[in-house]
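Novice: The structure that follows is given in the form of structure tokens.
The values are calculated or read from the model by the stated rules, or taken from the named source; none is laboratory data. This is a predicted model, so every value here is computed, not measured. As a convention, Cβ positions derive from the backbone with ideal geometry for all residues, glycine included, and neighbour counts pool all protein chains shown. The area values use the complete protein model at the heavy-atom level, side chains included, leaving out ligands, DNA and RNA. Shrake-Rupley method; radii C 1.70, N 1.55, O 1.52, S 1.80 Å.
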Amino acid sequence: SFTLEALNGGTLSLETMRGRWVILNFWATWCAPCTDEMPALQTIANERSGEIALFGINMKESAEAIRTYMARYRLSFPILMNPDDTMFSNYQLELGIPQTVIISPDGQMMWHQFGPIDLDSFRATLDRFISGAVAA
């Protein structure tokens, strides 16, 4: 579990997302592979808003830099900021970014990928989890 500052104010705790599928994407504005996958993430956020909660977790950049980036790439999914050292360790962020994680409604990490996602294969992965075709 974690609680992070939200770009648009307040905080968000992973605990409040229990009962929903959650996608976490760790990224930064300077990361070219992160930029490459942003259209796919926005598509997933648009297509699956009723099924999942998708959060971008920015790697300790300023709110101004993040807002500028989001406007440039027309991103609208929620952004969380400033993960701490515990989160770096728990999510193996020392391996680099981008990283994407799928968390089940009961809070279990079900899937973890280092590197950018591909829209079609990520859709298929989500479908398998959400339909229950993949066990923990």
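Novice: Along the charge dipole of the stretch 48-123, which of 87, 53, 75 sits closest to the positive end, that is, farthest toward it, with unit charges on the beta carbon of Lys, Arg, Asp and Glu (+1, +1, -1, -1)?
Specialist: About the Cα centre, the residue reaching furthest to the positive side is 75.
Novice: Now, a different point. Quantify, in whole percent, the carbon and sulfur part of the accessible surface of the stretch 64-136 (1.4 Å probe; protein heavy atoms only).
Specialist: On the way: 1980 of 4080 Å².
That fraction is 49 percent.
Novice: With every protein chain left in place, what is the accessible area of residue 75 in Å² (1.4 Å probe, nearest 10)?
Specialist: Only protein atoms counted, so the area is about 20 Å².
Novice: Given a 1.4 Å probe, how much area per residue of the chain is accessible, in Å²?
Specialist: Here the per-residue accessible area is 50 Å².
Novice: With r defined as the distance between the Cβ atoms of residue 20 and residue 89 and R0 fixed at 25 Å, what FRET efficiency is calculated, to the nearest 0.05?
Specialist: Once rounded, the FRET efficiency stands at 0.50.
Novice: Give, as a single signed number, the net charge of other residues whose beta carbon lies under 14 Å from the beta carbon of residue 131, with Lys and Arg counted +1 and Asp and Glu -1.
Specialist: +1
Novice: Could I ask something else about it? Run the numbers on the chain and let me know its relative contact order in percent, using alpha-carbon pairs under 8 Å that are six or more apart.
Specialist: 31 percent
Novice: So, one more: Keeping every protein chain in place, order 97, 79 by accessible area at 1.4 Å, biggest value first, i.e. largest first.
Specialist: 97, 79
Novice: When a/c reaches 1.5 or more, the comparison of a/b and b/c decides; with that in mind, is the stretch 86-136 rounded, prolate or oblate per its Cα gyration tensor?
Specialist: Since a/c reaches 1.5 but b/c is at least a/b, the shape of the stretch 86-136 is classed as oblate.
Novice: Further question: Distance in nm between label sites at residue 1 and residue 13, each 7 Å beyond Cα in the beta-carbon direction?
Specialist: 0.6 nm
Novice: Restricting to DSSP H runs of at least four residues, report the calculated mean residue ellipticity at 222 nm for the chain, -39500 (n - 2.57) per run over all residues, nearest 500 deg cm²/dmol.
Specialist: -10500 deg cm²/dmol
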